[in-house]
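The values are calculated or read from the model by the stated rules, or taken from the named source; none is laboratory data. Just so we're clear, the structure is a prediction, and the values are computed from it rather than from any experiment. Cβ placement follows ideal geometry from the backbone for every residue including glycine, while neighbour counts extend to all protein chains displayed. When the accessible area is computed, the model is the full protein with side chains, heavy atoms only, and any ligands, DNA or RNA have been set aside. Shrake-Rupley method; radii C 1.70, N 1.55, O 1.52, S 1.80 Å.
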Amino acid sequence: ILMEASTGKVIYEKEADVERPPASVTKVMTMLLIMDAVEEGKISLNDEVTTSEYAASMGGSQVFLEEGEKQTVDTLIKCIAVSSANDGCVAMAEHLEGSEAAFVERMNKKAKELGMENTNFVNCCGLDADGHLTTARDIGVMSRELTMKYPDVFRYSTIWMDEFIHKTEKGESVFGLSNTNKLMKSYNGCNGLKTGSTSKAKFCLSATATRNNISLIAVVMGCPDSKNRSADASTMLNYGFSNVTLYEDRDPLGEWSKSDIKGGEKDSLYIHSADIFRYVMLKSEEGKEMKKNVKILTELKAPVKKDEIIGEIDYQLGGEVIGTIPIYASETVKEKTYLFSLKSLWEQIKIVNS
């Protein structure tokens, strides 16, 4: 599947809803939950995480954490994003939810919240397991959520090579990290996101790239080898960048900042809309006329509360509605009462007499 990141619009898809094992692309969800926890203040990037015996026993791709070893959340995110550390994933899962099983429950809950209808996680790192399945579309959805909500993830996913220090009872040693996403070096604009490969899943990739303010997400699953994985993702990204433009309206209301209101303590109120409207336009749509219609409620009456929806802006391309954004009240306007009217009249009399 190929989608534009800011809108989620699907540009191309093929068998996008076929359930398949995702291998380490699973870690997109793991990183999303870690970032959520940081954002919510449950943990900080400087917190130290202690590796359990179970976390240290993980096979597959790993950074060879030892039981009792402590690393910061920041270091573990880097290990997960760059070197696909299974041991780092489990250590973080246990740190956040007490056990990997409890963390996986949270993963599945988050998947449902995001509308990932064909996903079931069994572990947090992507090792082959019965029932551990998702789809290209669902990977696109969680990749979009991670990158749009937490663009700081690119600070990790764009690292090509790095290192961290193992600190154990045996002493300190340097461990090198190398990015598993080779598009980082070969594809212009690539900034992430996650590779994966196992015997069941074959080779999978959620690739992100940005050019000229357009951000795309290309997901491939079940490729026969890493070369085909990169080639297929590159082909989709090339198609997207050559066939897509992004329409943006950064000032939907323009100079319209007020609306009349009846029966209130004021005759008008300040209004505002969402900050920006975006629409992904395909080459076939270029040349069609773009129009917008600002619609305030036919008869706006008090009382109105601040941030209450009082209208909408419809965007039309070639006569067809392609999207709407709400218009909000920027202030509260109370209903005009008899006492308020009497007070206003008294104030006017005082002004006349003065």
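Could you list, in sequence order, all residues of the stretch 310-325 that are exposed (fewer than 12 other Cβ atoms within 10 Å of the Cβ) and at negative phi? Once the filter is applied, which keeps residues that are exposed (fewer than 12 other Cβ atoms within 10 Å of the Cβ) and at negative phi, the stretch 310-325 yields Glu320, Val321. Filter the stretch 88-119 down to the residues that are among the charged types (D, E, K, R) and in contact with a Ser or Thr (Cβ under 7 Å, 6 or more places away or on another chain) and list them by number. Residue satisfying the conditions is Glu94 alone.
When you scan the stretch 265-273, do you find a residue that is over 27 Å from the mean Cα position of the chain (by Cα) and basic (Lys, Arg), even just one? Among the residues of the stretch 265-273, at least one is over 27 Å from the mean Cα position of the chain (by Cα) and basic (Lys, Arg), which makes the answer yes. Each residue in the stretch 6-31 was checked for being buried (at least 22 other Cβ atoms within 10 Å of the Cβ) and either of a type in the set (Ser, Thr, Tyr) or at negative phi (or both), and 10 of them qualify. Every residue in the stretch 32-55 that is in contact with a Lys or Arg (Cβ under 7 Å, 6 or more places away or on another chain) and surrounded by fewer than 18 Cβ atoms within 10 Å (Cβ to Cβ), please. Of everything in the stretch 32-55, those that are in contact with a Lys or Arg (Cβ under 7 Å, 6 or more places away or on another chain) and surrounded by fewer than 18 Cβ atoms within 10 Å (Cβ to Cβ) turn out to be Glu48, Thr50. In the set Lys170, Lys185, Lys194, Lys200, only one residue is closer than 30 Å to Gln71 by Cα, out of contact with any Phe, Trp or Tyr (no Cβ under 9 Å at 6 or more places or on another chain), of a type in the set (Lys, Arg) and open to solvent by 30 Å² or more (accessible area, probe 1.4 Å); that residue is Lys170.
Inspect the stretch 248-257 for any residue being open to solvent by less than 60 Å² (accessible area, probe 1.4 Å), polar (S, T, N, Q), in contact with a strand residue (DSSP E or B) (Cβ under 7 Å, 6 or more places away or on another chain) and at pLDDT 90 or above and give the result as yes or no. Taking every residue of the stretch 248-257 in turn, none turns out to be open to solvent by less than 60 Å² (accessible area, probe 1.4 Å), polar (S, T, N, Q), in contact with a strand residue (DSSP E or B) (Cβ under 7 Å, 6 or more places away or on another chain) and at pLDDT 90 or above. Cβ separations smaller than 6 Å between residues 6+ apart or across chains give the following pairs from the stretch 248-273 residues that are in contact (Cβ under 8 Å) with a residue 40 or more places away in the chain and on the phi > 0 side of the Ramachandran plot to residues that are of a type outside the set (Val, Ile, Thr) and in a loop (DSSP other than H, G, I, E, B): Gly263/Ala302; Gly263/Lys336. For beta carbons closer than 6 Å, sequence separation of 6+ or different chains, a first residue in the stretch 93-116 that is farther than 19 Å from Ile43 by Cα and a second that is in a helix (DSSP H, G or I), the qualifying pairs are Leu114/Val141; Leu114/Glu145; Met116/Asp138; Met116/Val141. Only residues that are open to solvent by 40 Å² or more (accessible area, probe 1.4 Å) and assigned to a strand (DSSP E or B) were counted in the stretch 258-267, giving 3. Checking the conditions here, which among Lys167, Lys182 is touching a Ser or Thr at 6+ places or on another chain (Cβ under 7 Å) and in contact (Cβ under 8 Å) with a residue 24 or more places away in the chain? One residue alone meets the criteria, Lys182.
Among the residues of the stretch 107-122, those that are open to solvent by less than 50 Å² (accessible area, probe 1.4 Å) and either farther than 17 Å from Glu97 by Cα or not in a helix (DSSP H, G or I) (or both) comprise Leu114, Gly115, Met116, Asn118, Thr119, Phe121.
The residue of the stretch 292-309 that is modelled with the lowest pLDDT, among those that are over 15 Å from Lys334 (Cα atoms) and surrounded by 12 or more Cβ atoms within 10 Å (Cβ to Cβ), is Leu297.
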